[in-house]
Amino acid sequence: MLRPSVNQILKNNESYYSLVIGIAKRAREISEKAIDEKVILNEKPVKTAVAEFANGDYKLIEDPRLKK
């Protein structure tokens, strides 16, 4: 799989920082779920999280009050 470009994932002037935080949080969820269920992951949680954001399975929701 080719790595998706940040521009392919971000839409509507979303923040690059928000994307990084969102991917990190999702990767942590994936990792914790695997530990709880005692499952061995075939690929790294960050790679899975990036793919989920790129496919549109997960989306960023930013608070408009926090934008400058």
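Between Lys38, Lys25, Lys11, find the one with the highest GNM mean-square fluctuation for the chain; connect C-alpha pairs within less than 10 Å.
Comparing Lys38, Lys25, Lys11 in a Gaussian network model of the chain, the most mobile one is Lys38.
As a test of the formula, what do you get for the chain when each DSSP H run with n ≥ 4 contributes -39,500 (n - 2.57) and the sum is divided by the residue count, at 222 nm and rounded to the nearest 500 deg cm²/dmol?
-16500 deg cm²/dmol
Taking springs between alpha-carbon atoms closer than 10 angstrom, which of Val50, Val39, Val20 fluctuates most in the Gaussian network model of the chain?
Checking each option, the largest mean-square fluctuation is seen for Val39.
How far is helix 45-55 tilted off the main Cα axis of the chain, in degrees rounded to 10, range 0 to 90?
Long axis of 45-55 versus the principal axis of the chain: about 50 degrees.
Relative contact order for the chain: what is it in percent, counting Cα pairs under 8 Å that are at least 6 residues apart?
38
Please provide three numbers in whole Å: the alpha-carbon extents of the chain along the principal axes, with the largest listed first.
43, 28, 16
Quick check: the angle from helix 16-36's long axis to the longest principal axis of the chain, C-alpha only, nearest 10 degrees?
Tilt relative to the chain: about 20 degrees.
Values quoted throughout were computed directly from the atomic coordinates according to the rules given, and no laboratory measurement underlies them. Everything numeric here is computed off the predicted structure, so don't read it as measured data.
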